[in-house]
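The values are calculated or read from the model by the stated rules, or taken from the named source; none is laboratory data. Fair warning: this is a prediction, and the values are worked out from it, not measured in the lab. Counting neighbours? That spans all protein chains shown, and the Cβs are built from the backbone with ideal geometry, glycine included.
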Amino acid sequence: MTARIHRDPVAVTGIGAVSPGGIGAAAMWNTLRRGLSTAAIDDALTRLDGLRVRISCRVPDFDATTWLDSRPTARRLDRFASFAVLAAREAISDAALDPTVWDAQRVGVVMGVGSSSMESWSPEFARLAAGSASKISPHAIPRSLPSSPVSEIALDLGTRGTTYAVGTACASGATAIAQARKLLNDDDCDIVLCGGAESFGAMTVACFDQLRALSRRNTEPAAASRPFDADRDGFVLGEGAGVLVLERPQDALARGVRARALIAGTGATCDARHPVAPHPSGDGTARAIELALRDAGLSPHEVGHYSAHATSTGKGDLAEAAAVRRVFNDSPPVTALKGTLGHGVGAAAAFAAVAAIMSLEQGEIPPTANLDNLDPEADLDIVARTPRPSASTCAVVGASAFGGHNAALAIVSP
């Protein structure tokens, strides 16, 4: 577990986030530090009959017409694409990049998306069912494609290099970051914007609820998302976007920019066992973590904290706990962001990557919200209630998804 096998580290020179914790990476970080849930009653869900889930984690005070420069653009974009564009703008500003002078043909965009945008399709299907096909929006297809956040970032910033979306369900954000690193290592790009984006509507809520994946704690929304807690009953849907700017370390140095962190290793596996349930032993997750550490040339004891996927579901949390115990023997400090932000699906691992970077910079690990009664089968050292000081220079982000997808990122201080 000491030799790097094939890829060089890449520098993270900029970060951006639009999350239930607020607009901007700093707002998200400050919310995470408080360890309080952002879940609340969702008015859009309460107006619909038949839905058993009435809670969610929404981006607060978000109006695309206010945050984006052009009203026609704001109306054209789906919500998840608007999040992506705004997070990308923050990330390139943070990286001190100027789109008017960069070599656009060497700038790429790779974004992960979970369920595309079922939100935009619902009213269009309603028009079709009502016999009003002529009233269907001409923007319906382009705004709802999984590649919409990618293309809209490219249009907004004028990037002309390699661009594509990846879809590994809830692991998509981590997969996108891994693929962006590969583009730099293969010399296909000099700069890559990467991460994940997600939004949801009533159809997404209904579908997840039919799978019995969502918490129905409607009377206590702030207590609903409870990773690793013995009283958990499912996750709460979240939304937003997280974007990282990746460059080769020598390129960042040449333009006088200090890396905020390095993506040193990545790993990906598949359980190939069940459409939605994880392998109970956590085998795929464990192997993904091991691959990321091997890629980074790191040993398990060098990892200062693990950012868990931990959705607050019974089987998922315990499978991941088993994986962590297998890889690390003695558990490193573990945090689970979904207690605060809910489950951002395609954006979830991007949120975790941004938070891990800020954790290494700030020297503290954010707490897991709502962990009042640790499930004894979890048996991990989970940070709860208050941030924990840490001098760590390495964090691992784990991600798992429907279809058995697993991904891991090894992030280190520069």
Please work out which one of (1) more than 23 Å from the chain's Cα centre (by Cα); (2) at pLDDT 95 or above is the condition R52 fails and give its number. (2)
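For (1) touching a strand residue (DSSP E or B) at 6+ places or on another chain (Cβ under 6 Å); (2) among the small types (G, A, S); (3) surrounded by 23 or more Cβ atoms within 10 Å (Cβ to Cβ), each residue gets a yes or a no:
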position: C189; (1), (2), (3): yes, no, yes
position: A202; (1), (2), (3): no, yes, no
position: R216; (1), (2), (3): no, no, no
position: F235; (1), (2), (3): yes, no, yes
position: I263; (1), (2), (3): yes, no, yes
position: G267; (1), (2), (3): yes, yes, yes
position: T285; (1), (2), (3): yes, no, yes
position: A288; (1), (2), (3): yes, yes, yes
position: D295; (1), (2), (3): yes, no, yes
Please find, among S56, S82, S115, the residue that is assigned to a helix (DSSP H, G or I) and touching a residue at least 12 places away in the same chain (Cβ under 8 Å). S82
Can you find a residue in the range 288-298 that is part of a loop (DSSP other than H, G, I, E, B) and farther than 19 Å from C394 by Cβ? no
Here is a check on your reading of the model: is L145 in the same structural domain as A241 (by TED's automatic domain parsing), touching a residue at least 24 places away in the same chain (Cβ under 8 Å) and buried (at least 20 other Cβ atoms within 10 Å of the Cβ)? no
Give just the number: which of (1) touching a Gly at 6+ places or on another chain (Cβ under 6 Å); (2) within 28 Å of G22 (Cβ to Cβ); (3) assigned to a strand (DSSP E or B) does S225 not satisfy? (3)
Filter the range 298-313 for residues that are surrounded by fewer than 24 Cβ atoms within 10 Å (Cβ to Cβ) and small (G, A, S) and give the result. S299, G304
Only residues in the range 362-380 that are within 15 Å of V397 (Cα to Cα) and among the charged types (D, E, K, R) count as the first member; pair them with residues that are part of a loop (DSSP other than H, G, I, E, B) and modelled with pLDDT of 95 or more, Cβ under 9 angstrom, at least 6 apart or cross-chain, and list the lot. none
Determine whether the range 228-243 contains at least one residue that is modelled with pLDDT of 95 or more, within 23 Å of D98 (Cα to Cα) and of a type in the set (D, E). no
Within the range 389-411, track down each residue that is under 16 Å from G114 (Cα atoms) and assigned to a loop (DSSP other than H, G, I, E, B). A401
Is there a residue being modelled with pLDDT of 95 or more, more than 17 Å from L36 (Cα to Cα) and not in a loop (DSSP other than H, G, I, E, B) anywhere in the range 363-373? no
Report every pair of residues separated by at least 6 positions or lying on different chains whose Cβ atoms are under 6 Å apart, first residue within the range 318-339 and surrounded by 23 or more Cβ atoms within 10 Å (Cβ to Cβ), second part of a strand (DSSP E or B) and among the β-branched types (V, I, T). V334/I382; T335/I365; T335/T368; A336/T368; G339/T368
